[in-house]
Every structure is written in C-alpha cells, then in structure tokens.
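Asker: There's a structure below that I have some questions on.
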Amino acid sequence: MIEQLPSNLDASADPPTLFDGTTRLYVSYICPYAQRTWITRNYKGLQEKIKLVPINLQNRPTWYKEKVYPGNKVPALEHNNEVKGESLDLIQYIDENFEGPKLLPKDPIKQEFATELLSYSDTLNKVNFSAITSKGDARNEIGAAYDKLEEALAKFDGPFFLGEFSLVDIAYAPFVVERFKPLFSGIKNYDITKGRPKLTKWIEELNKIDAYTATKRDPKEILGGIKKRFGIE
C-alpha cells in the first residue's frame, strides 16, 4: 500500500503537540540527508511508528528552530522526549532502537567496512559538489572517487556494499543515484557508471527496493534545485 504523504509545513503552520509520546521524523522531501532517514524508516516497516513531518525549507516555521531543533536543519527525530539530528547518526539510531530488519550485519569485518564507508560518504559528497561548478574535467575530479566505490562494491558477494542491503547503501543512494549521476551526465557529459559494472548493477538493484523508490522525487525538481543553488544555467 502506498503511503499517503503529509503536506509540507510552512511558516503559517501550527506546530505539532511536542513530546506527547508520538515519534516524529522531521524531513524535507527533497533533502537527500533527510531521505536517508526516510528510507531507513520505510525499510524497517515503521510507517505507523514514526510519523513523517515534512518541513518547507524555503519557508520554514519559526517554531521548528525555537521548539523542535535548534540546528534548524532536517532531518531531526523526536523520540523519547528528545530531539536528535545528523542523518548518519539518525539512520544508525533508528536501526538500533526500533523493530524491523537490521540494517547492519553482525559480522565484525562487515561492520568495520560499514564504518569506513559511512565516514567516506561525506568525502564523496564534498568532492562531487566541488566538481559541479569547477571548470575542470569531471573524470579527473571525481573519477577516483567512483573507482573507490566500484572497488568497495566488489568486496563482498552481492550487489550491495556489504553484500546485502544496509545503511551504507542508504547513505549513498540519495546522492549518487538521484543527484550526481544525472547531474554530471547532464552538465559535464560524464557518466559515472561507464566502465563500472558493479556501480551500474548497484543502481539497478536499488531501484527494485520499495523502501527507497517510495522516497524518490521528480528528477526535474531535484536537479532544478541543485542548479539554482549552484548558479548553473
């Protein structure tokens, strides 16, 4: 059954009744960091346990910063009378503190590799965002980063980074699949999957996972927002 998504809350919206026992995940539908937590919630089957509260980031309510999350960013999770932030921390928190399929394996070797890759995700994002407005050749600027992903995807059997679907795939998917791949193809004429069969297969398999595809938005909306942010015609 397709989840009926609530409407964005803007500056005119009243706040929810905070700390009333409801677990709330504050997101923006077009924010890739928030999307990580949204995918995690979906995969663990927590649609009834964790309520989505979408915030309009262009016209956000003042109460969000004042009463919910002083950082004034998304995602944020209201749970057990506390509000926590930071997407990589939250996906691990949701996995550890809620029922549903575990998204990190017990194998210590895989856990160590997961820690390494989760940490690297921020580096990958910085390299890509820097290259978006650079005048340099994309292959030279981001090629090594995607070679690293291709190598990582070859470490274990299976199409995903740890073999089976995990928090690592969730951390990378919103950025690589929906933003960097189409963006570099469109503005730099560089296909990040060319010559990288593992990465190609990874993207194909991700798009078969309902928990992920349910969070995907209109590509034109996403890419239009990025182009506007970076002043790209």
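Asker: Could you give the angle, 0 to 90 degrees to the nearest 10, between helix 32-43's Cα long axis and the longest principal axis of the Cα atoms of the chain?
Answerer: Computed tilt is about 80 degrees.
Asker: For each pair in Lys51/Lys84; Lys155/Lys188; Lys102/Lys208; Lys44/Lys220; Lys135/Lys228; Lys102/Lys216, compute the distance between the two Cα atoms and list the pairs where it is over 25 Å.
Answerer: Lys155/Lys188; Lys44/Lys220
Asker: Kindly express, to the nearest 10 degrees and within the range 0 to 90, the angle between helix 197-206's C-alpha long axis and the longest C-alpha principal axis of the chain.
Answerer: 20
Asker: Run through the DSSP bridge list for the chain and note the antiparallel percent, rounded to the nearest 5.
Answerer: In the chain, DSSP labels about 60 percent of beta bridges as antiparallel.
Asker: Run the numbers for Glu99 and Glu112: contour at 0.36 nm per residue of separation, minus the present Cα-Cα distance, in nm.
Answerer: The Glu99-Glu112 span can extend by a further 2.4 nm.
Asker: Same structure, new question: Take the Cα gyration tensor of region 36-148, multiply each eigenvalue by 5, square-root it, and list the three semi-axes largest first, rounded to whole angstrom. Intermediate results must be reported in sequence, preceding the final value.
Answerer: Working: eigenvalues 171, 107, 25 Å².
That gives 29, 23, 11 Å for the three semi-axes.
Asker: How big is the shadow of the Cα convex hull of region 23-97, averaged over all directions, in nm²?
Answerer: 4.5
Asker: If you add up the charges near Pro159, with Lys and Arg at +1 and Asp and Glu at -1, over every other residue whose beta carbon is less than 14 angstrom from its beta carbon, what do you get?
Answerer: -1
Asker: Could I ask something else about it? Multiply the residue separation of Ile2 and Asn80 by 0.36 nm, subtract the distance between their alpha-carbon atoms, and state the gained length in nm to one decimal. If you can, show how the numbers build up before the last one.
Answerer: Numbers: separation 78, 0.36 × 78 = 28.08 nm, distance 2.76 nm.
Net length gain for the segment: 25.3 nm.
Asker: Exposure proxy check: Arg36, Arg24 ranked by fewest other beta carbons within 10 Å?
Answerer: Exposure proxy ranking, most exposed first: Arg24, Arg36.
Asker: Same structure, new question: Hey, could you grab the Kirkwood Rh for the chain? Inverse mean 1/r over distinct alpha carbon pairs, Å, one decimal.
Answerer: 18.6
Asker: Report the convex hull volume per residue for region 147-233, counting only C-alpha atoms, in Å³. Write down the numbers at each step before the final one.
Answerer: Details: hull volume 8.4 nm³, N = 87.
Dividing the Cα hull volume of region 147-233 by its residues yields 96 Å³.
Any read-out appearing in this document is the output of simple, stated calculations on the displayed coordinates, not a laboratory observation. Just so we're clear, the structure is a prediction, and the values are computed from it rather than from any experiment. Glycine also receives a Cβ, built like all others from the backbone with ideal geometry; neighbour counts cover every protein chain displayed.
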